[in-house]
Amino acid sequence: MISFDNTENAFKSKTNAQLSQSYWLFKLISNPSLVKLGANFGPLTLNLGFKGVIKATIFKQFVGGETIHDCAKAIESLAKYNIGTILDYSVEGKESEQDFDHCLQETLQTIEKAKKDKHIPFCVYKVTGLARFGLLQKVSSKLPLSEIEKPEWDRVKKRVYSICKAAFEGEQRIFIDAEESWIQPAIDDLAYENMALWNKEKAIVYNTFQLYRNDRLLNLEETIRAGKTNSFYIGAKLVRGAYMEKERKRAAQMNYPDPIQVSKEKSDQDYDKALKLCVDNISVMGLCAGTHNETSSLYLVNLMREKNIAPGDNRVCFSQLYGMSDHISYNLSLNGYNVAKYVPYGPVKEVLPYLIRRAQENTSVKGQTGRELSLILKEKQRRASK
Ligand SMILES: Cc1cc2nc3c(=O)[nH]c(=O)nc-3n(C[C@H](O)[C@H](O)[C@H](O)COP(=O)(O)OP(=O)(O)OC[C@H]3O[C@@H](n4cnc5c(N)ncnc54)[C@H](O)[C@@H]3O)c2cc1C
């Protein structure tokens, strides 16, 4: 029986000094006033010469490095415990064609890197890295595109096509991250077009399903049905979802029904139902459980056992973010399950929004910090008593 309480396994890769550093970092970011200050003045601190401090602290905890090359150490340290890396170019909020082409090239390079490194089992990208947000919103709303926007949209489709084709030709699986509900229809259409093209023999292209949305379980069912009817495999990364407050706020402001589940319990229920649906249909699917939730992770372990799916079966993978929930990642991998961590990378200034999000989600009382801190503390005490 797997236990996520085993802190010896969870922090095997960390020296005492590294453990203490993580402890102080999580302690610092558990302070809401400090995190608020960081969120408001983060970019300014870089101008004031704090780049070195950020790089040595929060960046080091949650990010692999500034370039793919810099991530070698993180890849190696995870690989030592049989945990894969998913290189995530985490530059956000760009809006120029030049930036989109740069992101395309960067993603193609991660695929190239993955081809040469068996410890990189998946690649990933966000469509907002390749397309203007406003354009995705317009396509999602089915509004007619202008004469300038039509070729712009064609370029977006071509970028997505190039990435999925490179993944297929290099036999590398690729995730398409899910984003805000008002641009998600365009992302879904791109994902399905490419799944139908490249997933004829196995799941190469994976779309992401956010189960904090009240319509996604049904959407997953329909997608699996469409895959069966049209003879292609479905790649599904299941997450709860990262934009809850933004979603609720917009729905209230614009007076349309809130797309988010009525409660956390409902998100949890649909997440676990989605896991079961995927496991029941595993013969036509690839599944990645992108979660830090212990109950859901254990539930998937039990489902696999019930269905006689071996822990190392290539069709199922567990995934967590770098620097978080090592107690889940390491304990699963030590028990033979496929685990891979998102390892974000990019220039410090560009990765700042990602870091602020990590700090914010680790701040709330109900959030992760309590869990991360108490686990680190437990391990420090265990080591001290030896
Ligand atoms: C490998 C990986 C990949 C990811 N990829 C994406 C992605 O592509 N797109 C994306 O949006 N997110 C993504 N995420 C983030 C993810 O959606 C969650 O925000 C995060 O993992 C926390 O959820 P959890 O499953 O770990 O569990 P928990 O910590 O148990 O759940 C927290 C989540 O529950 C939901 N929730 C909380 N309160 C309520 C409430 N009152 N009502 C309804 N729901 C509630 C929210 O989604 C919240 O984030 C990814 C996460 C991982 C680990």
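The table below gives the values:
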quantity: Relative contact order for the chain, counting Cα pairs under 8 Å that sit 6 or more residues apart, in percent; calculated: 26
quantity: Under 9 Å, Cβ to Cβ, from residue 79 - net charge with Lys/Arg +1 and Asp/Glu -1; calculated: 0
quantity: Relative contact order (percent, whole number), segment 181-277, Cα cutoff 8 Å, 6+ residue spacing; calculated: 32
quantity: Extension gain, residue 165 back to residue 197 (0.36 nm per residue minus Cα-Cα distance, nm); calculated: 10.6 nm
quantity: At q = 0.19, 0.20, 0.24, 0.27 Å⁻¹, base-10 log of I(q)/I(0) for segment 325-386 (Debye sum, equal scatterers on each alpha carbon); calculated: -0.96, -1.00, -1.06, -1.07
quantity: Gap separating the Cα centres of segment 315-368 and segment 165-217, nearest whole Å; calculated: 21
quantity: CD proxy at 222 nm, helix term only [per DSSP H run n ≥ 4: -39500 (n - 2.57); per residue of the chain; nearest 500]; calculated: -17000 deg cm²/dmol
quantity: Taking segment 288-386 and dividing mean pair separation by its residue count, relative contact order in percent (alpha carbons under 8 Å, at least six apart); calculated: 22
quantity: Paramagnetic reach from residue 12 (point 7 Å along Cα→Cβ, amide N under 18 Å) across segment 83-99; calculated: 83-85
quantity: Environment charge of residue 60, counting only residues whose C-beta is closer than 14 Å and scoring Lys/Arg +1, Asp/Glu -1; calculated: +3
quantity: Per residue value of the accessible surface for segment 181-323 (all protein chains in place, 1.4 Å probe), Å²; calculated: 43
quantity: Fraction of accessible area attributable to carbon and sulfur, segment 176-318 (%, probe 1.4 Å); calculated: 53
quantity: Pair residue 215, residue 252: separation of 7 Å Cα→Cβ label points (nm); calculated: 2.2
quantity: Residues of segment 1-117: accessible area per residue with a 1.4 Å probe, Å²; calculated: 55
quantity: Fraction of antiparallel bridges per DSSP, the chain only, in percent to nearest 5; calculated: 5
quantity: Label point distance in nm, residue 231-residue 146, each placed 7 Å from Cα along Cα→Cβ; calculated: 4.4
quantity: Anchor residue 138: lysines whose Cα lies under 27 Å away (excluding residues fewer than 8 positions away in-chain); calculated: 94, 126, 150, 157, 158, 165, 237, 246, 249
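The values are calculated or read from the model by the stated rules, or taken from the named source; none is laboratory data. The structure presented is a predicted model; accordingly, all values stated were derived computationally and were not measured. Backbone-built Cβ (ideal geometry, glycine too); neighbour counts: all protein chains shown. For the accessible areas, the whole protein counts, side chains as well, though only heavy atoms, and no ligand, DNA or RNA atoms are used. Shrake-Rupley method; radii C 1.70, N 1.55, O 1.52, S 1.80 Å.
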